[in-house]
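Remarks on the structure that follows.
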């Protein structure tokens, strides 16, 4: 009986001792997995000082193997040192709040991080990371829907807890960079043709519905006559002042940048914007979120309703069809990504809110590996790391 009484007390004492250890001690206790991160943090004294003073945080700590793979990515070796960008990436790995592994479910959460430097993030309350369980594993989604999985969780310390992850998170990029990386080249070309890219990149707290290449191709025969209307058409795809991730999307009407309204419908867990279906949700960008849709919205045809039974929806523009050569409009002179990774195309809970996604070469397209861009940010930091 005495043993049965003492065992819970011993376990409780061990948990208490762990929660009372400093961040330095917590990292040291996981030295076999986190020695490289510890070395990297040694080059960021301001961040370490901020973390030592912080309360109620969660650190997503890339393992030694994760950082080694990260630095071996194309473009990483020989890149110039940029401490500001390195600091931003590290800040993006710190969640504002203590989140234990048991608190994550299949329902996605979009959790604010300590990354609030407007040079790299322009989202009120700090840039978000998507968190949820996938196949029983706690998974975090960052830029370009790259995913990182927790390999060891709940390493507690005085200010919160640490989860060790198997891949470095990628800081969400500005909208034009994201469109190029996602191979959404028609949308990128349209943004450049309408000269709205700088304004979109500078704005704060945006929700943007981006038509895929196939959507633009379906109105290819009309695009030559849309030059004057193009800025207004693109603004009709943007909601300002509200970053709406999939859990925030309900049946409603939203006012867009051009002053018109779009109607949001959620039907059998599929989201529609006017007649367009959301194919790929929750693509995080520097100043908000992008949802990829399968149709180009028409601000002069707002009453159209979605055909939920059709595998391919008719364009919202009368007389629309593909161009004579069948090419994607607006793509002359637009270069795609230099290296690719598959865009996340999970269904149900995996994709972040039950929104059905579709994968094809024209819809999702190849994407630049997010780690490539982020790895380049670390660049010469490899010299400081014992890996």
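The values are calculated or read from the model by the stated rules, or taken from the named source; none is laboratory data. From a predicted model like this one, the values you see are computed outputs, not experimental measurements. A quick note on method: Cβ atoms are made from the backbone with ideal geometry, for glycine too, and the neighbour counts reach across all protein chains shown.
Residues that are free of Cβ contacts under 8 Å to residues at least 24 places away in the same chain, touching a strand residue (DSSP E or B) at 6+ places or on another chain (Cβ under 9 Å) and not in a helix (DSSP H, G or I) do not occur anywhere in the stretch 207-216. Among residues of the stretch 255-270 being without any contact (Cβ under 8 Å) to a residue 24 or more places away in the chain and in a strand (DSSP E or B), the one that is farthest from residue 294 (Cα to Cα) is 255.
Only residues that are touching a strand residue (DSSP E or B) at 6+ places or on another chain (Cβ under 7 Å) and more than 17 Å from residue 302 (Cα to Cα): list them for the stretch 259-276, please. Residue satisfying the conditions is 270 alone. Among the numbered conditions (1) under 24 Å from residue 242 (Cβ atoms); (2) touching a residue at least 40 places away in the same chain (Cβ under 8 Å); (3) out of contact with any strand residue (DSSP E or B) (no Cβ under 6 Å at 6 or more places or on another chain), the only one that residue 304 does not meet is (2). Considered as a group, the residues in the stretch 257-284 that are surrounded by 21 or more Cβ atoms within 10 Å (Cβ to Cβ) and in contact with a helix residue (DSSP H, G or I) (Cβ under 7 Å, 6 or more places away or on another chain) include one that is farthest from residue 180 (Cα to Cα), and that residue is 257. Does residue 151 satisfy being part of a loop (DSSP other than H, G, I, E, B), in contact (Cβ under 8 Å) with a residue 24 or more places away in the chain and assigned by TED's automatic domain parsing to the domain that holds residue 37? The answer is no for residue 151.
Of the residues making up the stretch 5-22, not a single one is outside any loop (DSSP other than H, G, I, E, B), at pLDDT below 85 and within 22 Å of the chain's Cα centre (by Cα). Of all the listed residues (232, 246), the sole one being more than 26 Å from residue 127 (Cβ to Cβ) and not assigned by TED's automatic domain parsing to the domain that holds residue 125 is 232. Answer yes if at least one residue in the stretch 281-299 is farther than 30 Å from residue 115 by Cα and at pLDDT below 95, and no otherwise. No, there is no match, as no residue in the stretch 281-299 is farther than 30 Å from residue 115 by Cα and at pLDDT below 95.
Residues that are part of a helix (DSSP H, G or I) and either touching a strand residue (DSSP E or B) at 6+ places or on another chain (Cβ under 9 Å) or without any contact (Cβ under 8 Å) to a residue 40 or more places away in the chain (or both) within the stretch 82-112 comprise 84, 91, 92, 101, 102, 103, listed in sequence order. Just name the residue that is farthest from the chain's Cα centre (by Cα) out of those in the stretch 32-80 that are surrounded by 16 or more Cβ atoms within 10 Å (Cβ to Cβ), assigned to a loop (DSSP other than H, G, I, E, B) and at pLDDT below 90. Restricting to residues being surrounded by 16 or more Cβ atoms within 10 Å (Cβ to Cβ), assigned to a loop (DSSP other than H, G, I, E, B) and at pLDDT below 90, the top hit is 43.
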